[in-house]
Amino acid sequence: MKKVSVSFTLNGEPVTIEVPTTWNLLKVLRECFELNGAKEGCGVGECGCCTVIVDGDAVNSCIYPIPEIEGRSVLSVEGISGTDGGLHPLQKAFLENNAVQCGFCTSGMIMSAKALLDKNPEPTEDEIRTGISGNFCRCTGYVQIVEAIEMAAKNKEGNF
Amino acid sequence: MIDYEYKIPADLHEVFTLLKEYGEKATLVAGGTDVMVKIRNTRKAPEVLISLRRLEDLRYIRKNGGYRIGGLTTHRMLELSNLVRTELSALHDAASQVGSVQVRNVATLGGNICNAAPSADTAAPLLVLDATVVLEGPGGRRRVPIAEFFKGTYRTVKEPDEVLIEFDIPEKMGAFGSAYWKHSRRKAMELPLIGIAVSVKLSEANEIEDSRIALTVAAPTPIRAYLAEDFLRGKPFTDQVLKEAGEIASSSECCTLRTSLRCEAWYREDMIKIFVPRMAKLAAERIKSR
Amino acid sequence: MSEYLYVGKSTPRTIETDKVTGRAVYISDLRRPGMLFGKILYSRYAHAKIKSIDTSKAEKLQGVRAVLTGRDIPEVRVGFLKDQTVLKKDVVRQFRDEVAAVAATSPEIAEEALGLIEVEYEELPAVFDPIEAMKEDAPLVHEIDARGRPVRSNILPLPWKFSAGDIEQGRKDSAYIAKDNVRTTWVNQCCMGTSGCVAEFDMNNNLTLYSQTNVPFLGKQRIVEYLRNIGLKGSRVRVVNPIVGGSFGTKLDTDIYEFIAVQLALRTRKPVKILFTREEEFRALPPRQPAIFEIEQGCDKEGKLTFRKVEAILDNGAYTSWGATTPSVMMMPISSLYRVPNVSFNATCVYTNNIYCQAMRGYGNPQATFAVETSMDSLAEEAGIDPAELRLINCNKPGELTPMRLKITTCPLDRCIKTVQEKINWKEKRGKRNGRGIGMASLIHVAGGARVYKSDGHGIMVKVDQNGNVDVLESGTDQGQGSPTVISQMVAEALGFRPEDVSITLGDTALCLWDAGTHASRHTFMAGNAAIRACDKAKKQILEMAVEHMPEIVEYKLKRKERKDPDFQMPDLDYSLISEPDKLDIKDRYIFPKNQPEHPYFRMEVSEVLTRGLHVGTGESKVVVGEAFYDPPTEMLDREMKGNYSCTYAFGTTAVEVEVDRETGEVKILNLFAAHDVGRAMNPTLVKGQIYGAAYMGVGYGLTEQLQLRNGRVMNPNFRDYKMLTAKDVVPVVPLVIEEPDADGPFGAKGIGEPGLVPTAPAIANAIYDAIGVRITDLPITAEKVLVALKKKAGEQS
């Protein structure tokens, strides 16, 4: 089993790990760092449950080879709350507007939304839907998720 | 169990060194959305993966007379480019609809074309924009017209020790309007049931000076519908003419339609007939409004 | 101005903050010390004899701790008809048959071990069509039944026959009759969290099963029975839910993988996790029951329905799960959607070598309503009556008894129909046949429990601590519908506290009382009614405690005031205001005398009373605990399939406007109005969420979703080829919440979980007919089907 050592920034902290070369970013986050937010919904980049942000871009971590993460920065849902522990506007909006039902897609959905709002703070509905087009949700029918993202865009406090 | 070495070369020179060292044992990987998924699904992997992801020099969209797009340009870059949207519209249509944002953030144009799926969205636009593929290998560079690039399903003329470094689109294609239709059941996360790209150049008298028509999922490789193009050349831009072009394009002289689990051949045929005219009209509108 | 403080408000899901911070523990996140990973080897044939299995290579692989086949475990039959074993020993009857199982130290090793197991099969003739399977010469899927008696037919011995009135008389009374053939196919529930469980034995053979089940108590009993049957007689079983990533019916049966996990855990004496991959979820998870209907319906000259006759054939697949019981729910719309005096319904379930089926949101209602509502439109056309008008003429009314003996209590169905008619501009937009069209469909569904089992009860326990915090032990389960939030609102309302004071523990058979299951849209109704009763008891205890301790508290405060302020005048208080429990009330955390709610001294935070009154001293310590087990006044179906099995029924109507591209066959939904009778919305935002989600699922059911089987094999076991809708597939759903408080519902509430889905597909089909004049009766209505129908119509006309 070939191994690789990678150093990267995870939720603002520098980290170094040594894992089998074949591991993907999702497995590393969950097994090395116990960050369970990102989840495997399909394992082949077709559902978005594993979405995290790498260098500002939303990616499917289940098909992101871990050696590629060297030197990059990774942001997961566990890293978006304020330093005082307060919820990010997206997290608040999701709870307030029932954008979370079973919650399995939620971590990935919030990260796709954050990646969108970080680059496009005032998106149209169509841009929001494109931004989350790679995140499946079976519970909500997407409506209250889109509304929550619109709410968060309007209520942002400070920088995203 | 799957095991492989993962190499991350810093530049092209290193890529070639590694390719020479590992030969058949190695596979190039760019965004990973094809290679990593295939490994997961087949539970088989090459011995060595050579990543192209750090070759930032190969990510660009430039216009200098003609258009030059680096092989590692992501679909997301194409999607967000005003230049591509206005002047290479069909390519914009296609790139914007590949998979999802997450996929488009990492998947590259070069990777999509080298994967050579018969359903590759960006292949049809590149065909109607007369793109040339620029390959670089240990022996130097060579240029292959995109229409000659695909050898068969998932097979291209690219040698294992070559890298696709650039797509060139001639300046004259800027005078064409273009459009691509991805016919699918949903509006995201899809492969096309059939893909139709059309580019068209109109005269002042609203005649078709020149046009290109390309189809995906209509043959073992992405193809041009030459007979339909020949038919259109010099004709007036009318509904009847476009309809006939659609029928020629859908005929067995232009394509070999298959029935698969995803779609039956007759439906694909019908859609070619419908969308060749629709995309021709959209392409014409676009060039007029520019 | 609402009479309630918390119920009826759109309280945010703060109680579920863990879901937005990555802290919520789903089964995929659950880790137990020393845990192993289980994987299942599935059959390579639809129907074959297993000639031999060689597991020796797999056993030798480093990291493998157990390899089991049908020969290693007792051959105990499970399932509601006891027609399958946990690991198939001699014969496989479908592609998803479990042939072997491995437990190993990692999922990758377990999977590699599967590849090393060598199975030799002898293929047998198979049958994949239920109508073919009913023929005399069809290959038999089962040779013997659960009792070892020989079986001569693939038709299941299930008595789905319903008859009320006189069909022949109904035919005679008819001026118009419509006959339709209607088909629905397999669809997958597509929970984002895949199936899985963790089984763990202690050294005394007691089992803890971390299961996503919606029926923890029934599931526990099935496992208890299984353990007894394999020789573990005294074993106790505890079923615990983690956070669940969706259910939609997948968690009502105890799936084979749970029994396999139990066996692997027993063999290895370690916790064993089995977690489905997405591919397994499509290939191996039982989907929604498909159905073939022949429906005949008639009405008189005035449009009054005279009879409804339905024959159904259900492809049961190779084994039996809840799919085979969907006729018991199909009967509900068939006999009771709209007023029809003469009804007959026969359903035949047939074994085939296809995948077997379980429950899915609606449980037979979506299938049957597609048939009934297609037929209604068909009949309206025959009779020359506007389809909405036909429905209004035959609308259910409160106080009626249907042919199935369902007692209709609250029933604003006419309001639902009229509301969507108005919103969608029914009169102006209908009948144009210009590519745009409007259609509607209604539903009836159980909304006050569903007496499927002898008990339809639901238990709840409420305990209050000295801080005024309430811990609720709730015997239902959370599948994402928002029950913790809604229950916290109902408990707060009933007890007089605030929702943020309430914590909810659900889905643990050791802690919670008993519940028939979170299914049939019954959770809010049952938990609410139980909560009201339990809170009533707890509240009485608090009020008694108050009567005993409030005088001391007040005096203490007065004396302290006096000490601090020499000028303080001791007031002359009328302690008779707080002398009896009946004289006090609690609202919004405050306890006060009813006759003077703002009393300066007698109004205080309830935690003050609790601090004083709980744990007082030797012999006098108390706790505040309220418990209740609510079992509604309903009946099970009798032998004639009749009986009022729910306390109340939900109605609703969906109207859809579509635009059909006649060249491509694509159907675009321009408007979708869904009016639902919810009694009273406990949390309007959550209710809307149920309607949005269910409507979306219904659109998928109507237009895009199908599990494609070829000769028994699932050909599209992934999201790329299984067409669940994305966020870009916009469907403009407008939920219309119709409130007519139900006397039996807690605070007037009725169920909403399933109704949102039920009428969607037929409303779309009916709209398509209005748009282009073709009736498609075969779901999903793909673009190809539309084009074929249009071409056929054009051919007929020319």
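Here, each number is a calculation from the coordinates, and none is a lab measurement. Note that the coordinates shown come from a computational prediction; the quantities given were computed from them, not determined experimentally. Positions of Cβ are generated from backbone atoms using ideal geometry, with glycine treated the same way; all protein chains shown enter the neighbour counts.
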| Once you put a point 7 Å from the Cα of C:Glu400 and another 7 Å from the Cα of C:Glu635, both along the Cβ direction, what distance in nm separates them? | 1.9 nm
| task | Report the antiparallel proportion of the DSSP beta bridges in chain C as a percent, rounded to a multiple of 5. | result | 75 percent
| request: Could you work out how far apart the two model spin labels at C:Ser503 and C:Ala175 are, taking each label as a point 7 Å from the Cα in the direction of the beta carbon, and quote it in nm? | output: 6.7 nm
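Please state the charge dipole magnitude for the protein assembly as shown, taken about the Cα centre, from unit charges on C-beta atoms (+1 on K and R, -1 on D and E), reported in debye and rounded to the nearest 20. Kindly include the intermediate steps, with their values, before the conclusion.
Values: 156 positive and 164 negative charges, 265 e Å.
The dipole of the protein assembly as shown has a size of about 1280 debye.
Determine how many Å³ per residue the convex hull of the Cα atoms of chain C encloses.
Values: hull volume 151.3 nm³, N = 798.
Residue-normalised Cα hull volume stands at 190 Å³.
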| Of C:Leu114, C:Asn229, C:Pro735, which is farthest along the charge dipole of chain C in the positive direction, counting Lys and Arg as +1 and Asp and Glu as -1 at C-beta? | C:Leu114
| task | Tabulate in residue order the Karplus-calculated ³J(HN,Hα) for segment A:136-145, using 6.51 cos²θ - 1.76 cosθ + 1.60 with θ = phi - 60°, rounded to whole Hz; enter x for Gly and Pro. | result | 7, 9, 9, 8, 8, x, 6, 4, 6, 6
| From the backbone phi of segment C:265-271, what are the Karplus-calculated ³J(HN,Hα) couplings (6.51 cos²θ - 1.76 cosθ + 1.60, θ = phi - 60°) in whole Hz, Gly and Pro given as x? | 5, 5, 5, 9, 6, 10, x
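Under the rule a/c < 1.5 gives rounded, and otherwise a/b versus b/c splits prolate from oblate, where does segment B:5-51 land using the Cα gyration tensor?
Taking the square roots of the gyration eigenvalues as a ≥ b ≥ c, segment B:5-51 is oblate.
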| For segment C:206-230 versus segment A:1-65, the gap between their alpha-carbon centres in whole angstrom | 35 Å
| query | Given +1 on the Cβ of Lys and Arg, -1 on the Cβ of Asp and Glu, and no further charges, what dipole in debye does segment C:722-798 carry about its Cα centre, rounded to the nearest 20? | reply | 620 debye
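Taking the DSSP beta bridges in the protein assembly as shown as the whole, what percent of them are antiparallel, to the nearest 5?
Numbers: 151 of 191 bridges.
Of the beta bridges lying entirely in the protein assembly as shown, close to 80 percent run antiparallel.
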| field | Spatially proximal lysines relative to C:Lys594 (Cα-Cα < 17 Å; intrachain offsets below 8 disregarded) | value | C:Lys539, C:Lys540, C:Lys583
| query | For the charge dipole of the protein assembly as shown, defined by +1 on Lys and Arg C-beta atoms and -1 on Asp and Glu C-beta atoms about the Cα centroid, which residue among B:Gly195, C:Gly745, C:Val470 has the Cα displaced farthest towards the positive pole? | reply | B:Gly195
| said: I want to verify the translational diffusion coefficient of the protein assembly as shown in µm²/s; compute it with Stokes-Einstein, Rh as the Kirkwood radius over Cα pairs, at 37 °C and 0.692 mPa s. | reply: 100 µm²/s
| query | Rounded to the nearest 0.05, what FRET efficiency do C:Phe80 and C:Arg149 have when you use their Cβ-Cβ distance and R0 = 22 Å? | reply | 0.80
| message | Checking the table C:Lys179/C:Lys793; C:Lys19/C:Lys587; C:Lys49/C:Lys82; B:Lys243/B:Lys281; B:Lys158/B:Lys201; A:Lys39/C:Lys19 against a 22 Å threshold on Cα-Cα, which pairs fail? | response | C:Lys19/C:Lys587; B:Lys158/B:Lys201
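How would you classify segment C:118-214 from its alpha-carbon gyration tensor, with a ≥ b ≥ c the square roots of the eigenvalues: rounded for a/c under 1.5, else prolate if a/b is greater than b/c, otherwise oblate?
Working: a/c = 2.26, a/b = 1.62, b/c = 1.40.
Note, shape of segment C:118-214 comes out prolate.
For segment C:457-630, count all C-alpha to C-alpha pairs, find those more than 19 Å apart, and express that count as a whole percent of the total.
Numbers: 8738 of 15051 pairs.
Within segment C:457-630, distances greater than 19 Å cover 58 percent of Cα pairs.
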| query | Stretch C:Thr618-C:Lys51 to full length: gain in nm at 0.36 nm per residue minus the Cα-Cα span? | reply | 196.9 nm
| note | In whole angstrom, the spacing between the Cα centers of segment C:354-386 and segment C:453-532 equals 34 Å
| query | Each residue of segment B:116-127 in turn: what ³J(HN,Hα) in whole Hz from Karplus with 6.51, -1.76, 1.60 and θ = phi - 60°, glycine and Pro shown as x? | reply | 6, 6, x, 9, 4, 4, 6, 5, 4, x, 4, 5
| remark: Cα extents of segment A:89-154 along the principal axes, largest first, in whole Å, come to 28, 22, 17
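Rounded, prolate or oblate, given the Cα gyration tensor of segment C:701-798, with a/c below 1.5 counting as rounded?
Working: a/c = 2.59, a/b = 1.53, b/c = 1.69.
Judged from the Cα gyration tensor, segment C:701-798 comes out oblate (a/c at least 1.5, b/c at or above a/b).
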| note | For the protein assembly as shown, the charge dipole (Cβ of Lys, Arg +1; Cβ of Asp, Glu -1; about the Cα centre) points to a positive end, and the Cα of B:Pro118, C:Gly698, C:Pro33 closest to that extreme belongs to B:Pro118
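Students often get this wrong, so check it: of C:Lys161/C:Lys642; C:Lys60/C:Lys270; B:Lys38/C:Lys251; C:Lys309/C:Lys432, which have C-alpha atoms separated by over 21 Å? Intermediate results must be reported in sequence, preceding the final value.
Details: C:Lys161/C:Lys642 11 Å; C:Lys60/C:Lys270 19 Å; B:Lys38/C:Lys251 32 Å; C:Lys309/C:Lys432 31 Å.
Over 21 Å apart, Cα to Cα: B:Lys38/C:Lys251; C:Lys309/C:Lys432.
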| task | Report the calculated FRET efficiency for C:Met203 and C:Gln466 (r = Cβ-Cβ distance, R0 = 22 Å), to the nearest 0.05. | result | 0.05
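Please give the charge dipole size of segment A:3-79, origin at the Cα centre, charges +1 on K and R Cβ atoms and -1 on D and E Cβ atoms. Round to the nearest 20 debye. Write down the numbers at each step before the final one.
Working: 5 positive and 11 negative charges, 26 e Å.
Charge dipole, segment A:3-79, about its Cα centre: 120 debye, nearest 20.
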| task | Kindly provide the helix-only [θ] at 222 nm of chain C, computed as the sum of -39,500 (n - 2.57) over DSSP H runs of four or more divided by all residues, to the nearest 500 deg cm²/dmol? | result | -8500 deg cm²/dmol
| message | Could you tell me the center-to-center distance, by alpha carbons, between segment B:213-290 and segment C:548-613 in angstrom? | response | 85 Å
| message | Rounding to the nearest 10 and keeping the result within 0 to 90°, find how far the Cα-based axis of helix B:239-250 lies from the longest principal axis of chain B. | response | 40 degrees
| said: How far apart, in nanometres, would the label points at C:Asp18 and B:His13 be if each is projected 7 angstrom from Cα along the Cα-to-Cβ direction? | reply: 5.6 nm
| said: Residues of segment B:268-290 with the amide nitrogen closer than 19 Å to a label point 7 Å from the Cα of B:Asn82, along Cα-to-Cβ, please. | reply: B:286-290
